[in-house]
Every structure is written in C-alpha cells, then in structure tokens.
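Asker: Shown below is the structure under consideration.
The values are calculated or read from the model by the stated rules, or taken from the named source; none is laboratory data. Everything quoted here is computed from the prediction, not taken from an experiment. We place every Cβ from the backbone using ideal geometry, glycine too, and count neighbours over all the protein chains shown. Keep in mind that these areas ignore ligands, DNA and RNA; they rest on the heavy atoms of the full protein, side chains included. Shrake-Rupley method; radii C 1.70, N 1.55, O 1.52, S 1.80 Å.
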Amino acid sequence: MPIYYYIVLAIALFSIGIIGVLTRRNAIIIFMCVELMLNAVNLLLVAFSKMHNLATTGINPTAAIDAQIFVFFIMVVAAAEVSVGLAIIVMMYRNTHSVDVNFLNRLKN
Amino acid sequence: MSNTLQIVWLIPILPLIGFLINGLGRKQLSKTLSGLIGSGVILGSFLISLYAFISVKNGNTPLLHYFNFIDTESIHVGFDFQIDQLSSLFLLIITGVGFLIHVYSTSYMHDEDKKDFAKYFSYLNLFVFSMLLLVMGGNYIIMFIGWEGVGLCSYLLIGYWFKNNEYNNAAKKAFIMNRIGDLGFLLAVFWLFNKLGTTDYHLVFANVSKWSTFDITGITMLLFVGATGKSAQIPLYTWLPDAMAGPTPVSALIHAATMVTAGIYMIARSNILFTMAPATQCVIAIIGLATAVLAATIALKQNDIKKVLAYSTVSQLGYMFLGLGVGAYTGAVFHVMTHAFFKALLFLGAGSVIHAMGGEQDMRNMGGLKKYMSITHITFLFGCLAIAGMPPFSGFFSKDEILAAAFAHNETEGKILWAVGVLTAFMTAFYMFRLYAMTFLGKFRGTHEQEHHLHESPAAITIPLIVLAILAIVGGWVGIPKVFMEGGHHLESFLEPIFAASNKIAAATHAESELSHGTEYALMGVSVVGALIALVYASIKFSKYQKSDASETGLGKVLANKWYVDEIYDAIIVKPIRSIASFFNNIIEKKGIDGFVNGVGKAVNYGSRQIRLLQSGQVGVYVLLMVIGILLLFIVQLFLVK
C-alpha cells in the first residue's frame, strides 16, 4: 500500500480536527478535535515507521519498531493529559454553568 | 636630594595649612585667632622665601623634584619646583607684600562677621598658596595649577560680598575673561606636549632652537593670550576694573601687586621662547602700549577712587608688556616689583580713605582729607609720586628703563613706542594727581556726618602703609641706570642668568643701539619734566574742584564711559551668544530633542494601545491566528525556500 494513502488519511483527520477547534465553541468538542489532531500525527508516525523499515531492511516489517513503541508513549501521556483537560472543563462548568469557551475571555473575574 | 633649599616646599604649604585651618574652623575661630593664623603663615613663608632668596643670591639655584605628578609612556610631568633668581624675587614680592596686606586686612575687615572674617582669610591664604605654586613650578603644568588657582581665588574674593548681585556679576565676568585666556595657555601647553612630551622649563628652553618659526610663534602667541587674560590686557582687560567689587585689600594684593603680574612672570620665565618669536614680541609691544594708553585715557575721567587705581593698574601692566615686547625683560620684572610696592600702597591708602569715609568711594564727595589723615596722606603722596615717575621714587627707575629700552629698540618704531609711552606717563601723572588733589586737597565735600566720622586709621592699617611707602621710595634703588652709577643696576646683574640666552640672541639679530648718555639724560628729562607739569597742573586744577551737576560732553563723555568698550563687547559678543543660546534652548532643545524623546514615548504608547486590541481573550481568535501562522510558515517552507 503506497505511503500517501496514510498521509491523505492523516491530513483529513488533522483538518477535521483544526476545523473543529476553529468553529466549535463547546469546550468538550474542541477537546475531542484536539485529540483527533494528536491521533492523526500518531497515525503518520506509525505509517512512516513501517514504510521506512520496509525500505531499509526489505524483508522484515517488524525489524525496527522504535516509532511504534514511541506512539504508545504518546498515547499514555495523552491519556494523562486528557484527564487534566477534562478536570479543567469540569471546573469551568462549575464556575460558569456552561462549557462555552467564549465566556472565558477575560483574565479577571 | 640634600640641597638645603629642599625645605622650600614649606613656602606654599604654610598658606595651604592656613587656608585649611581658617576654612574648616571658620565657625569656631575668633577673629583675632583667624587673623593671626592667616597673617602668621604668610610671615612664615616670607621668612623661608628670604632664606631662599639669600641662597639663590649665593648661587644655589636648584630644580627640586618632589614626586611624579603624571607619569605615562609619552607624558612625564614631575612635581618640580624651580628656585632661581626670577622665582625667588617673585616669592619675596608675593609673601612680603602679601604679609603686609594680611596685616592690613585684620583691621580693614574687622566689621565682618566672625565666620566671614575667617572665610576671607582662608581665601586670601589659598590665593597666596596658588600664586606661590604658579611662581615656583618647575614646568608649565605646575604653573598652570597655580594659574587656575589664582583665577579661582580672584573669583571668590571679588564675589566675597556675594549678597550683592552686581558683585557676583563682576566675579563671573572676571572668571570668564580669565577662562578665555586660560584656554590659550592650555593650548600652548598641549602644543608643547605634542612637540616634546614634557613641559619642564629647562627641556623646553634647551629644545627651542630646533623648532620651526611657526611652532614657536604659535606657542608664544597662545601663551600671550593666556597672559592677556590674567594680566588684563586688550582685549580681555575689562574684568579688572569690575574686579574692584572685592574688598580693597584684595584689590591691592590680587588685582594690583601679584596675580595680574602672573602673565608678566610667565613671559619673563619663557623669555627665550619669546625672543625666538619676533612676531609675537611685536604684537606684545603693540598690545601693551595700546592697553597702557587706553586705560590711562579712561582713568582721566573716572570718579571712583578704586576705578582710577584699577585703570592705572591696567595701564602699568601695559607698560610691563611693552617692556617684554621690546626685550627689556629685566625692566619689566623691575616694574613688576616697584609697581607691586607703590600700587599696593595706593590701594591700601585708598582703602584707608574709604574706611574713614564709611564706605564712600566717590572722589567727588571727598576732599581736604589731608588734615584728618596725615599718615595716609603722606604715604599716598609718596605712592603717587612713585607711579608718576618722579625721581628718586621707585617708579622713575623702572618706567624709564622700559621707555629707554623702547626708544633703543629699533630706528623708527622704537621712537613711536617711546613717544606714546611718554605721553601715557604724562597722563599717569595727571590722573594720579587728580586723584590725590580731589581726595586730600581742597575742602571736604561730603556730608557732615561723614566729616564728623573722619579719623586716621588704626596702626594695623598705617604700619603696612608706612612700610610700603618706604619700599616705594627705595625699591627703585636696586636698579639705578648706568648713566648715574656704573654697576648700580643690581637687579640686572642678579637676573642676568635668567635672561642671558635671550640677550645673546637679541644682540646677535639686531645690534641694539646703545644709547649715548646724552640721549638717555634727554629722555629722562622729557619724561620727568612732562610728568611734573602734568602733576602740578592737575594738583592746582583739582584742589579747587567743585561738585557740579553738568554732565560730561564730547570726548570726556566717551572717556567717562570707558570708550564704551563694555557696551561694544555686549553688543558684538554677549548678545549674539545669548540669542544663539536662546535659539538652542527654545528650538533645538525644546522642539528638537524634547520633541524626539517625547515622540518616541508617544509612538510606543499609541502603538501598544492598538496592538492591545489583538489580546481579546477569545480563544478562537488565538487559535485562528495560530493556524494562519502555521500555514504561512508552511507555505514559506514549501514554496518560497529553494
């Protein structure tokens, strides 16, 4: 399978994420779109890793899987980050009774 | 280092100590004590100077090195004292006359507050210290330190009564005029450094023959500019008459006997340089003579007793410069000495009169003081006779030596110099006896209150007067010209080593025509008879002086207004500078520099107010901007960077 199938998919995911972040006001949806962008990058990482190894070793696709292991690390850190982000959103809801990010446009009060 | 004269460092140090004690302790010291300290230190200096003089007379003329003042790769200045015939003579004049004036001051300034009294003495001591440094210095830098010091003290003492704003202006005028001259001196010193890397007298004088005419003329002209400032010559003389704002003893010490002769000392000290620069000498002679005439004409019409004396000082200084200009260095130094005696005497006598008159300085309100103040009268008369050039008073010998030297200088110009000089001598006799007659002869013209108050001054005032009067009479006898007595000119033989090199050069270049005895007698006869007529005429005319309200007309008015020189300076120098200053103040400073600085501030303020609007707090906007930025970077990276 050529590499740019993966690339197109990743770009599509990433663009959806960006558009979501830009257009939506709901903090949870923005958060989900951010995750989408993150995972688009993860996908690219895995794809490039596999293709790179195929090109260099030729036979064994599992010969070097550093990048794929790296992706697991990213997912773990992302999970931790999600928990923090969600906690912030919960606090925000408690304070403003809304998850609309446009309400939070000033530093004071 | 084992020279017996090593102790001469005490000469300037003693007045410095006196300055410190009086200056720091001015609130604690009683008047008697500060007067004692002030005069005592000068007496100490005088005694050491006397010792130094005797040593020098016995042939001990050391150059004493104390420490390195400036010591770099290319510039070496030692803190050196040069004790020789010239400086030891000046040391005696400064400390001797200085001591008498200090004693006089203890009585004259007695009405001052305790604090001001001590302040006065501290300034006076500081002045003497600076003057001694000027005279003793072994190079131009040490001389320059003293040179600046005396200028400062002159400023402080002219503005001593600083509550009077006019006096402050006079002090500032003196300081600024002196600064103009000092700049010339300083440039000359730089020039010397550039040529030689040192300013030690003996090195400079040894190397002078290797330099080009341009260098020597330039250096000497700049030095002469310095001398015109300090010694009140055209065009910088106008500060000296205004300097009479200071207390009278100050006028006697600083503005007659010592400081104003600094220029003459400096030129006499560098005589070899000046002899090598005939162009400069010519300028000096002309400027000196012009100053002598101009000041004498102004003095004819002044009514303030101190102003007359001030202009006569300027005029006599002009004579000294004439002497320097025609190469009569001994004559000039001789005149410095006699002038110090009789002019200090005249100023102190005038001070005594002013004291008796309760501060009155206008001669129109005096008259007939002869019968009230006999000692002041007699001593003052002697001073007047001395300055008028009557034999055997001291002024006769020194003035005639200068005039004879001018006459012998060269064929025609010398005669003109002599003629104008003699004319000035007649004027001198006239205005001095006008002063004498208006003050001491005739009837008293002041108020009854003043008449009641008239009294002879106390001993502290009269004793210095008597001593100075004796000196004014006998002071000239050390320089009796050859025609009267072979070998009578002790001063000339004493100063011989200083001026030997110059005399040799002068003799080689133009054979100075030795005057025949007949000519010399004739010259003296003319000047004495002329001066005698002038003084008798003035005495008769002004002893019958009556106060009148008629104002002066014609030339008299011009003279009374001092040829309008102050007004001319005001119009051509002061006013343009003021308008340039106000242009810079209002346009360049306020609109230009302030406008620029404030403009930067305003622009930053305005810009930040606009940029602040970007920080809306809307997260969406931030993200949008971020995405646009990334896209832009992306485009740049992909399509624009090759």
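Asker: Among the numbered criteria (1) surrounded by fewer than 17 Cβ atoms within 10 Å (Cβ to Cβ); (2) more than 25 Å from the chain's Cα centre (by Cα); (3) not β-branched (Val, Ile, Thr), which single criterion is violated by B:Asp362?
Answerer: Only one criterion in (1) surrounded by fewer than 17 Cβ atoms within 10 Å (Cβ to Cβ); (2) more than 25 Å from the chain's Cα centre (by Cα); (3) not β-branched (Val, Ile, Thr) is unmet by B:Asp362, namely (2).
Asker: While we're on this one: Any idea which residue in region A:79-101 is least open to solvent (accessible area, probe 1.4 Å), counting only those that are in contact (Cβ under 8 Å) with a residue 12 or more places away in the chain and touching a Phe, Trp or Tyr at 6+ places or on another chain (Cβ under 6 Å)? Explain how you work it out, then say what you get.
Answerer: If we filter region A:79-101 for residues that are in contact (Cβ under 8 Å) with a residue 12 or more places away in the chain, which is where we start, we get A:82, A:85-86, A:89, A:92, A:99-101.
With the extra rule that they be touching a Phe, Trp or Tyr at 6+ places or on another chain (Cβ under 6 Å), the set shrinks to A:85, A:99.
Numbers: A:Gly85: 13, A:Val99: 32 Å².
Among those residues, the one meeting the criterion is A:Gly85.
Asker: Of all residues in region B:87-116, which are surrounded by 24 or more Cβ atoms within 10 Å (Cβ to Cβ) and in contact with a Ser or Thr (Cβ under 6 Å, 6 or more places away or on another chain)?
Answerer: B:Leu91, B:Ile94, B:Thr95, B:His102
Asker: Please work out if B:Thr238 is under 13 Å from the mean Cα position of the chain (by Cα) and surrounded by fewer than 24 Cβ atoms within 10 Å (Cβ to Cβ). Show your work before the answer.
Answerer: On the way: under 13 Å from the mean Cα position of the chain (by Cα): yes; surrounded by fewer than 24 Cβ atoms within 10 Å (Cβ to Cβ): yes.
So B:Thr238 passes the test.
Asker: Something else: Within region B:585-642, can you find the residues that are of a type in the set (Val, Ile, Thr) and more than 14 Å from every other protein chain (Cβ to nearest Cβ)? Steps first, answer last, please.
Answerer: First, the residues of region B:585-642 that are of a type in the set (Val, Ile, Thr): B:587-588, B:593, B:597, B:600, B:604, B:611, B:619, B:621, B:623, B:627-628, B:630, B:635-636, B:641.
Passing the criteria: B:Ile587, B:Ile588, B:Ile593, B:Val597, B:Val600, B:Val604, B:Ile611, B:Ile635, B:Val636, B:Val641.
Asker: I would also like to ask the following. Among the helices (runs of 4 or more DSSP H) confined wholly to region B:393-456, which include 3 or more residues that are crowded, with 24+ Cβ neighbours inside 10 Å?
Answerer: On the way: elements: B:394-409, B:412-440, B:448-453.
In region B:393-456, the matching helices (runs of 4 or more DSSP H) lie at B:394-409, B:412-440.
Asker: Among (1) away from chain B (no Cβ under 14 Å); (2) under 26 Å from B:Leu631 (Cβ atoms); (3) among the hydrophobic types (A, V, I, L, M, F, W, C), where does A:Val77 come up short?
Answerer: Answer for A:Val77: the failing condition is (2).
Asker: Still on this model: If you scan region B:467-483, which residues turn out to be crowded, with 16+ Cβ neighbours inside 10 Å, part of a helix (DSSP H, G or I) and in contact with a Ser or Thr (Cβ under 8 Å, 6 or more places away or on another chain)?
Answerer: The answer is B:Leu468, B:Ala469, B:Leu471, B:Ala472, B:Ile473, B:Gly475, B:Gly476.
Asker: While we're on this one: When you go through (1) within 20 Å of the chain's Cα centre (by Cα); (2) crowded, with 19+ Cβ neighbours inside 10 Å one by one for B:Thr199, which number turns out not to apply?
Answerer: Tallying (1) within 20 Å of the chain's Cα centre (by Cα); (2) crowded, with 19+ Cβ neighbours inside 10 Å, B:Thr199 fails exactly one: (1).
Asker: Among the listed residues B:Ala310, B:Ala328, B:Ala340, B:Ala344, identify the single one that is open to solvent by 10 Å² or more (accessible area, probe 1.4 Å), of a type in the set (Gly, Ala, Ser) and out of contact with any Phe, Trp or Tyr (no Cβ under 8 Å at 6 or more places or on another chain).
Answerer: So the residue among B:Ala310, B:Ala328, B:Ala340, B:Ala344 that is open to solvent by 10 Å² or more (accessible area, probe 1.4 Å), of a type in the set (Gly, Ala, Ser) and out of contact with any Phe, Trp or Tyr (no Cβ under 8 Å at 6 or more places or on another chain) is B:Ala328.
Asker: State whether the residues of region B:52-59 include one that is surrounded by fewer than 16 Cβ atoms within 10 Å (Cβ to Cβ) and at pLDDT 90 or above. Let's see the steps before the verdict.
Answerer: Residues of region B:52-59 that are surrounded by fewer than 16 Cβ atoms within 10 Å (Cβ to Cβ), as a first pass: B:54, B:57-59.
Checking the rest, the ones that are also at pLDDT 90 or above come to B:54.
Checked region B:52-59: at least one residue is surrounded by fewer than 16 Cβ atoms within 10 Å (Cβ to Cβ) and at pLDDT 90 or above.
Asker: Restricting to region B:365-392, and then to whatever is touching a His at 6+ places or on another chain (Cβ under 9 Å) and either closer than 18 Å to B:Phe542 by Cα or at pLDDT below 85 (or both), can you tell me which residue is surrounded by the most Cβ atoms within 10 Å (Cβ to Cβ)?
Answerer: For region B:365-392, the residue satisfying everything is B:Leu369.
Asker: Within the bounds of region A:40-60, is there any residue that is touching a residue at least 60 places away in the same chain (Cβ under 8 Å), under 22 Å from A:Ala80 (Cα atoms), assigned to a helix (DSSP H, G or I) and out of contact with any Phe, Trp or Tyr (no Cβ under 8 Å at 6 or more places or on another chain)? Explain how you work it out, then say what you get.
Answerer: Residues of region A:40-60 that are touching a residue at least 60 places away in the same chain (Cβ under 8 Å), as a first pass: none.
Within region A:40-60 (the criterion being touching a residue at least 60 places away in the same chain (Cβ under 8 Å), under 22 Å from A:Ala80 (Cα atoms), assigned to a helix (DSSP H, G or I) and out of contact with any Phe, Trp or Tyr (no Cβ under 8 Å at 6 or more places or on another chain)), the answer is no, since none of the residues qualifies.
Asker: Any chance you could count how many residues in region B:186-210 are of a type outside the set (Asp, Glu) and touching a residue at least 60 places away in the same chain (Cβ under 8 Å)? Talk me through it step by step, then tell me what you get.
Answerer: Kept after step one, since they are of a type outside the set (Asp, Glu), are these residues of region B:186-210: B:186-199, B:201-210.
Then drop every residue that is not touching a residue at least 60 places away in the same chain (Cβ under 8 Å), which leaves B:193, B:197-199, B:201-202, B:204-205, B:208-209.
Residues in region B:186-210 being of a type outside the set (Asp, Glu) and touching a residue at least 60 places away in the same chain (Cβ under 8 Å): 10 in total.
Asker: Still on this model: So which helices (runs of 4 or more DSSP H) stay within region B:524-642 end to end and still have 2 or more residues that are under 26 Å from B:Met427 (Cβ atoms)? Quick ask: steps written out before the conclusion?
Answerer: Values: elements: B:554-560, B:565-569, B:575-583, B:594-612, B:619-635.
Where helices (runs of 4 or more DSSP H) fall fully within region B:524-642 and carry at least 2 residues being under 26 Å from B:Met427 (Cβ atoms), they are B:554-560, B:565-569.
Asker: While we're looking at this one, here's another question. Would you pick out the residues in region B:275-286 that are within 16 Å of B:Ile416 (Cα to Cα) and open to solvent by 40 Å² or more (accessible area, probe 1.4 Å)?
Answerer: Matches in region B:275-286: B:Cys282, B:Val283, B:Ile286.
Asker: Please indicate, with yes or no, whether at least one residue in region B:315-322 is in contact with a Phe, Trp or Tyr (Cβ under 6 Å, 6 or more places away or on another chain) and either of a type in the set (Gly, Ala, Ser) or in contact (Cβ under 8 Å) with a residue 40 or more places away in the chain (or both). Walk me through how you get there before you give the answer.
Answerer: Step one: filter region B:315-322 for residues in contact with a Phe, Trp or Tyr (Cβ under 6 Å, 6 or more places away or on another chain), giving none.
Taking every residue of region B:315-322 in turn, none turns out to be in contact with a Phe, Trp or Tyr (Cβ under 6 Å, 6 or more places away or on another chain) and either of a type in the set (Gly, Ala, Ser) or in contact (Cβ under 8 Å) with a residue 40 or more places away in the chain (or both).
Asker: Within region B:30-57, count every residue that is assigned to a helix (DSSP H, G or I), within 23 Å of B:His110 (Cβ to Cβ) and hydroxyl-bearing (Ser, Thr, Tyr).
Answerer: Looking only at that region, the number is 3.
Asker: Check whether at least one residue in region B:323-335 is more than 22 Å from B:Ile272 (Cβ to Cβ) and in a helix (DSSP H, G or I), and report yes or no. Steps first, answer last, please.
Answerer: So the first thing to find is which residues in region B:323-335 are more than 22 Å from B:Ile272 (Cβ to Cβ), and the list is none.
No, because not a single residue in region B:323-335 is more than 22 Å from B:Ile272 (Cβ to Cβ) and in a helix (DSSP H, G or I).
Asker: Still on this model: Scan region B:50-77 for residues that are under 28 Å from the mean Cα position of the chain (by Cα), within 14 Å of B:Ile142 (Cβ to Cβ) and hydrophobic (A, V, I, L, M, F, W, C) and report the count.
Answerer: The qualifying residues number 5.
Asker: I've got another one for you. Conditions: (1) touching a helix residue (DSSP H, G or I) at 6+ places or on another chain (Cβ under 7 Å); (2) in a helix (DSSP H, G or I). B:Tyr66 meets all but one. Number of the miss?
Answerer: Condition not satisfied by B:Tyr66: (2).
Asker: Right, something else. Output the number of residues of region B:484-505 satisfying the condition of being touching a strand residue (DSSP E or B) at 6+ places or on another chain (Cβ under 6 Å) and assigned to a helix (DSSP H, G or I). First the steps, then the outcome.
Answerer: Narrowing region B:484-505 to residues touching a strand residue (DSSP E or B) at 6+ places or on another chain (Cβ under 6 Å): B:489, B:491.
From the residues that got through so far, the ones that are assigned to a helix (DSSP H, G or I) too are B:491.
Residues flagged as touching a strand residue (DSSP E or B) at 6+ places or on another chain (Cβ under 6 Å) and assigned to a helix (DSSP H, G or I) within region B:484-505 amount to 1.
Asker: Moving on to the next point. Is at least one residue of region B:578-601 surrounded by 11 or more Cβ atoms within 10 Å (Cβ to Cβ), out of contact with any Pro (no Cβ under 8 Å at 6 or more places or on another chain) and closer than 30 Å to B:Tyr311 by Cβ?
Answerer: Yes, some residue in region B:578-601 is surrounded by 11 or more Cβ atoms within 10 Å (Cβ to Cβ), out of contact with any Pro (no Cβ under 8 Å at 6 or more places or on another chain) and closer than 30 Å to B:Tyr311 by Cβ.
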